[in-house]
Amino acid sequence: MAFTDEEKVKIRHHLGYLNVQETATFVLGVPAALQTTFMIEGAFGKVLPAAENLARTLLCRLDSIEEQVFGGTDLADVDETGGVKVNRKRLPELATYYQIAQKELANLFGVVPNPFDLRLEGWLGTGAGGISVPVRG
């Protein structure tokens, strides 16, 4: 059984890839598809059938973590109510759990999470996205 279109959308989303029709850029004046698109799209058909359930389990885990992040926004303005205190460290903890599951999913597909994915910046409160590249001046 192959992945459904909806599962492919979730996989792209959680790995930080675009969910658009073929994207192109120009290389030396000639239109060329983005390489990251090839990586994830090519990987969909190469996952072993026995590993598909693991991918679905990881998708459920990632969906659950994401729901916890956005489901807890009503606590953003509350520090304490009665004897109950809000755990302010929870969002960075969830970001860490998300990254672990995201990397497991990436390993299953043999790709890397999109390094330009900026979603975790807000969860961690720091610049979590991007690529570290040496620059010569």
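Any read-out appearing in this document is the output of simple, stated calculations on the displayed coordinates, not a laboratory observation. Just so you know, these numbers come straight off a predicted model, no measurement behind them. We place every Cβ from the backbone using ideal geometry, glycine too, and count neighbours over all the protein chains shown.
Overview of results
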{"read-out": "Anchor LYS103: aspartates and glutamates whose Cα lies under 14 Å away (excluding residues fewer than 8 positions away in-chain)", "value": "ASP117"}
{"read-out": "Order of ARG56, ARG88, ARG61 under a 10 Å beta carbon neighbour criterion, fewest first", "value": "ARG88, ARG56, ARG61"}
{"read-out": "Residue exposure sequence - THR4, THR96 - by fewest surrounding Cβ within 10 Å", "value": "THR4, THR96"}
{"read-out": "Stretch gain in nm, segment ASN87-GLN68, where the contour uses 0.36 nm per residue and the Cα spacing is subtracted", "value": "5.5 nm"}
{"read-out": "Per-residue Cβ neighbour rank within 10 angstrom, fewest leading, LEU54, LEU59", "value": "LEU54, LEU59"}
